[in-house]
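Worksheet for the structure shown next.
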Amino acid sequence: MEKMNRKQMIEFLRDMNKKKEVLDAEKTRILSSVETIEAAIKGNTYSHPDNIGAGFIRGYDPDKVLKILLNSERDIQEEIRCVVTQMESIYEIEDMINSVRHCLILLSGSDGKMISEVFIEHKKVSAIAEDYSFCQTYFYTRLNQAVDRLVNLYNSECERSGNERAEHFRRDIYPYMPSEEPA
């Protein structure tokens, strides 16, 4: 995860719910594309009856079949690399969202709730200040201090934890990634 400054944190908070929805839709799209790849592999499997020699099948051209299989392998490997890269990006952003949510919970008092109401839930500041029995000037001061504490907490969490899911993904998936050149 990358550290954020105050402005980046506020922008991230404002778009956090929307980002989560987009990520969920992207994961669904990727899963359906993976299923399509799997169906294509099954559909391109070449088989012939055992009792007939491969050289005697009408229209059978071993060079053509080999070329099709090699092209299919290359295309499938490229698709796998693309899907893995997309999933890695999704996991990195999800790690950031989870870390920010965790930091909001860790903030003392009502700071996390104030930040959530203003930036994530997009409630009116005047209504929130009234709920806390604060004048708007004091509320803004308190809110600014809370955002500063959130940024500091998040940045210290970044140093400690990193991208948990993305790192797990890299550790478990990258060893099985296809090489750049088909064998």
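Taken one residue at a time, the phi angles of segment 96-104 give Karplus couplings (6.51, -1.76, 1.60, θ = phi - 60°) of 5, 4, 5, 5, 5, 4, 5, 5, 4 Hz. Gly and Pro are set to x. At q = 0.21, 0.25, 0.30 Å⁻¹, work out log10 I(q)/I(0) for segment 106-148 with the Debye formula, treating every Cα as an identical point scatterer and leaving solvent out; two decimals please. Debye intensities relative to I(0), on a log10 scale: -0.58, -0.84, -1.19.
Taking other C-beta atoms within 10 Å as the exposure proxy, 9, 16 rank 16, 9 from fewest upward.
Listed from fewest to most Cβ neighbours within 10 Å, the set 29, 14 follows the order 29, 14. Ordered by the number of other Cβ atoms lying within 10 Å of each residue's own Cβ, fewest first, 1, 114 fall into the sequence 1, 114.
Pairs to check: 19/113; 3/123; 7/27. Give those whose C-alpha atoms are more than 25 Å from each other in this structure. Beyond 25 Å: 3/123; 7/27.
All of the numbers you see were taken from the coordinates with simple rules; none came from a lab. Please read these numbers as outputs of a predicted model, since none were measured by experiment. Ideal geometry is used to build each Cβ from the backbone, glycine not excepted, and the neighbour counts take in all protein chains shown.
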